[in-house]
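Undergrad: Input: one structure, supplied below.
The values are calculated or read from the model by the stated rules, or taken from the named source; none is laboratory data. Quantities reported herein were computed from a predicted structural model and do not represent experimental measurements. Don't worry about glycine lacking a Cβ; one is built from the backbone with ideal geometry, like all the others, and counts go over all protein chains shown.
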Amino acid sequence: MINLNSTAFKIASFGKIGQWLTRSIVATAFAVVAVMLLNLLYSINEPTFYFLILGGFALCLIIIQMAYIHSYESTNMIVLDKFVGMMLALAQIPMTFKLVASAYLLFHLFNILTPFLVWKFYGKNMHNLPGAFGIIASDICAGLAVNMLLRFMLWVTN
């Protein structure tokens, strides 16, 4: 019989990639490729694009929660959260080399800084949120912050 939590952990850690030292870099690189492919779908069929994004996000939360249940001690191997955060960073941003490279670098910087800033200003540790939300919260905040910053930069330069 297949253990669903174990399978979810394998998906959330991208198999053996979750054990690599460069796991976050690899996961966000996969997200860049996924966003490029999704942008092709967006140009073909917009409603399907939004359905896949919302459904994919919900599915990622479920998978991360199941992986969390399976392996509470090794949640640092879960990289699906980085994938989701990077996809948020690039959502509806033009796919130019400068913007993608900026988003990539800023996401990693913000992903490091976000938990500290939230703790400093609000006195709360994002990683203490229950289950999957504790794992994915900093990545969502970092992705949204990068997206807003890139949109502001595009607005100022146009």
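Undergrad: In region 112-151, what residues are at pLDDT 85 or above and within 17 Å of ASN76 (Cβ to Cβ)?
TA: Hits for region 112-151 are ASP139, ALA142.
Undergrad: Tell me which residues, restricted to region 1-28, are touching a residue at least 12 places away in the same chain (Cβ under 8 Å) and closer than 17 Å to TYR104 by Cα.
TA: Matches in region 1-28: ARG23, SER24, ILE25, VAL26, ALA27, THR28.
Undergrad: Might you let me know whether region 39-58 holds any residue that is modelled with pLDDT under 80, under 17 Å from the mean Cα position of the chain (by Cα) and not in a helix (DSSP H, G or I)?
TA: no
Undergrad: Looking at LYS16, is it surrounded by fewer than 17 Cβ atoms within 10 Å (Cβ to Cβ) and among the basic types (Lys, Arg)?
TA: yes
Undergrad: Hey, another quick one. Sort through LEU90, LEU105 and tell me the only one that's surrounded by 15 or more Cβ atoms within 10 Å (Cβ to Cβ), within 24 Å of LEU154 (Cα to Cα) and out of contact with any strand residue (DSSP E or B) (no Cβ under 6 Å at 6 or more places or on another chain).
TA: Going through LEU90, LEU105 in turn, just one is surrounded by 15 or more Cβ atoms within 10 Å (Cβ to Cβ), within 24 Å of LEU154 (Cα to Cα) and out of contact with any strand residue (DSSP E or B) (no Cβ under 6 Å at 6 or more places or on another chain): LEU90.
Undergrad: Follow-up question, since we're still on this one. Could you figure out which of (1) surrounded by fewer than 16 Cβ atoms within 10 Å (Cβ to Cβ); (2) more than 28 Å from SER102 (Cβ to Cβ) isn't true of THR22?
TA: The number of the failed condition is (2).
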